[in-house]
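The values are calculated or read from the model by the stated rules, or taken from the named source; none is laboratory data. Keep in mind that what you see is a predicted model, and the values were worked out from it rather than measured. Cβ sites come from the backbone with ideal geometry, for glycine too, and all protein chains shown count toward neighbours. To get the accessible areas, we keep the full protein, side chains included, count just its heavy atoms, and leave off ligands, DNA and RNA. Shrake-Rupley method; radii C 1.70, N 1.55, O 1.52, S 1.80 Å.
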Amino acid sequence: MLRRLRRLRRRWTGPLLLALLLTALTPLPAAADTAAPRTETAEHTATVPLPSLSATTTQVASGLRRPTAIAAPDDGTDRLFITEKSGTVRIYHPDTGLASTPLVDITSAVDESGNERGLLGIALPPDFADSRNLYLAYTALPDGAVTLARYRLGDSRLEVLLSQEHAQYSNHNGGQLAFGPDGHLYWSIGDGGGSGDPFRSGQRLDTLLGKIMRIDVSRSCGALPYCVPADNPFVDTAGAREEIWLYGLRNPWRFSFDDADGSMWIGDVGQGRWEEVDHIAPGRGGLNLGWSCYEGLEKFAGGDCVPGATHTEPVFTYSPYTGGCSVIGGRVYRGQKYADLVGGTYIATDYCSSTVWALRADGSGGYEQAEIGEMPTQVTSIGTTAGGEFYVVNDLPGGLHKVSFAQEEPTCRVDRTVKAWGTGMTVDLTVTNTGSTPVNGWTLEFPLALGQTVVSDWNTNLTQGSNVITAANASHNAAIAPGASITLGYLTDHTGDASPPPRFTLNGDACAVGR
C-alpha cells in the first residue's frame, strides 16, 4: 500500500503548479497560528550524541495480514489497535498477544486492489474512552475513492465523513490520520498517483489530492457531518477547498505531532531521486511544501513552477540510491523508558532499506542526523503506546515489533577539513578507528550536498551515485588498527553549497563526526 513514500531546510522562491482546469490561484492568506501546544507532556531533549544511539526491535506478534497503522487508546487498557490492509482492525495486548477476533471489520467497504489501496489509517479521538468512536482512512469500493469515516464501536456503524475521487491510479493514497494538539483531525492524501503529478494536484487548491486536511469532527455544520475550522488558511480563498491545511505534497504516507510542542513531522515520498522529512511549527497552516515544482531540495524535471511562489523546504532528505525507496515518517520519542537517550529525537525509517534515521534540532536552526540501526524489513508504520513507547508493524510477513534504544559508542570518528573557492572545494577526511578491534577492509558511505559532483579523489576508490558517495579502501590503507587513523579525500565541483558531509557510516556503522 506504500510502493513509494518521501523529502532538509526551508525553501527558496519557486512556482505554483497551474491548476488543471482553473486559472491562477489567488494570493495565499496568512498562515493560521492559533494551535496551542499540548501541556500534559513535559519536554525532555536527550543530550546523547546521535551516533552513540542504537535502535533494535523485538518481534512480539505475528500473523497480521499486511498491517498498515497503529493506534493506542488512552483508556488504561494498554492495548494497541492495528489496521490491516483488507479492512480489519486487530487488538494486541502485551499480556495476551494478538486477539484472533477483529475489533473492526469493514472489508465489505474497502477496495484493497493494487499494492497501495486498502485500510490505511486510524485515529482515536481524545474522548475515545467515553465516545467509543474511532476514525478510519481507506480506499472505498467501488471506485477506490480515498475516504474518511467515523466508526462507532457501540453499534458497529460506519459513517462516511469525507471522500476524494481517486480512480485513475491506485497509488499515492496517503492515509495518515492524527488528532492535533488543537483537537482537530488531520488527514493526508497523496497527489492522485501515476508519475510526475499528472493531475498537477500538488499545487492546486481546488482538490484534496496532494494535501493534508484539518477538520473538526466533534460537530457538524449544515449539510456537512463535520465543520471546517474558521482559522483554516483557505476558508476565504475563492475556488479552494476549505479543508486544506498544507499543500504541495506527493504522498505523505505518515505524519505525526510532537506531544511536547505540537509541531508536525511529515514523511513525504519522493519520485525517485529524493525522500524527504518536513517539520512544521505549530499552527502553521497554508504552507506550500513544493511538490511538484521541487522534489526534496531539487527542481523537479517536468514540474510546473510559477515565479514568486514561496515554498517550505524539508529538514531532511536522502537519496533512494542508498537502497531505500519510500520514507516511513515516524514520531518524536516522548516516552519515559528511553527519555535520557532519545527524548526529543525524531525517528523514521524506509520501507526498503530499513535504515533507522534519527533527527534532532541542533539549537542553531539546523538538525543533527544519524543512522542508528535497522528496522525489520518493509515497515509500514511507527506507532506508540499511550505512554509513548515505540512499536512498528511490517508489511510482509506481517509482524508487530517493539522498539528499544541503547547507547553504543561509535567505533569510528571522521574529522573533516574543507577548502572551498568559487565553484570548487577539496575535502580531506580523517577516519579514526575508535573501537577495540582492527578494521580489515573498509567502505565509507556519506552524502554530498545538492549540486556537488566529485571530480577526483585520493587514497580511496570512490564512486558517486546520485548524492551518495561510496569510498572503499585503497590497497595500502585497508587496515585500521584500534586508535589508528587513515586519510582520504576528494575534489568536487559545487553550485553554491560548499558544506561538508554531515554523516558517515564505516562498514555500515554510524561514525561520530568531528570538526
Expected single match for open to solvent by less than 20 Å² (accessible area, probe 1.4 Å) and either farther than 21 Å from Tyr321 by Cα or within 34 Å of the chain's Cα centre (by Cα) (or both) among Gly489, Gly451 is Gly489
The correct count of residues that are out of contact with any Leu (no Cβ under 8 Å at 6 or more places or on another chain), surrounded by 15 or more Cβ atoms within 10 Å (Cβ to Cβ) and part of a strand (DSSP E or B) in the stretch 463-482 is 2
Elements of type strands (runs of 3 or more DSSP E) in the stretch 378-423, at least 2 residues being open to solvent by less than 10 Å² (accessible area, probe 1.4 Å) and over 30 Å from Ile91 (Cα atoms) = 412-421
Return the only residue of Gly329, Gly366 being open to solvent by less than 30 Å² (accessible area, probe 1.4 Å) and at pLDDT below 95.
-> Gly366
How about the stretch 199-221: which of its residues are under 18 Å from Glu116 (Cα atoms) and open to solvent by 10 Å² or more (accessible area, probe 1.4 Å)?
-> Leu209
Only one of (1) open to solvent by less than 30 Å² (accessible area, probe 1.4 Å); (2) modelled with pLDDT of 50 or more is not met by Ala19, so which one is it?
-> (2)
Note on the stretch 435-448: residues surrounded by fewer than 18 Cβ atoms within 10 Å (Cβ to Cβ) and in a loop (DSSP other than H, G, I, E, B) are Gly435, Ser436, Thr437, Pro438, Gly441
Cβ pairs under 7 Å, 6+ apart or interchain, first in the stretch 403-420 and modelled with pLDDT of 95 or more, second charged (D, E, K, R) and assigned to a strand (DSSP E or B), ordered by first then second residue, are Pro410/Asp509; Thr411/Asp509; Cys412/Asp509; Thr417/Asp428
Considering every residue within the stretch 347-360, establish whether at least one is among the acidic types (Asp, Glu) and open to solvent by less than 20 Å² (accessible area, probe 1.4 Å).
-> yes
Scan the stretch 132-146 and give yes if some residue there is of a type in the set (Val, Ile, Thr), under 15 Å from Ala109 (Cβ atoms) and crowded, with 23+ Cβ neighbours inside 10 Å, otherwise no.
-> yes
Within the stretch 201-224, restricting to residues that are of a type in the set (D, E, K, R) and in a loop (DSSP other than H, G, I, E, B), the one that is farthest from the chain's Cα centre (by Cα) is Arg219
When residues of the stretch 65-84 are filtered for being assigned to a loop (DSSP other than H, G, I, E, B) and closer than 17 Å to Leu134 by Cα, how many remain?
-> 8
Selection from the stretch 159-198 of residues under 12 Å from Leu148 (Cα atoms), open to solvent by 10 Å² or more (accessible area, probe 1.4 Å) and among the hydroxyl-bearing types (Ser, Thr, Tyr) yields Ser163
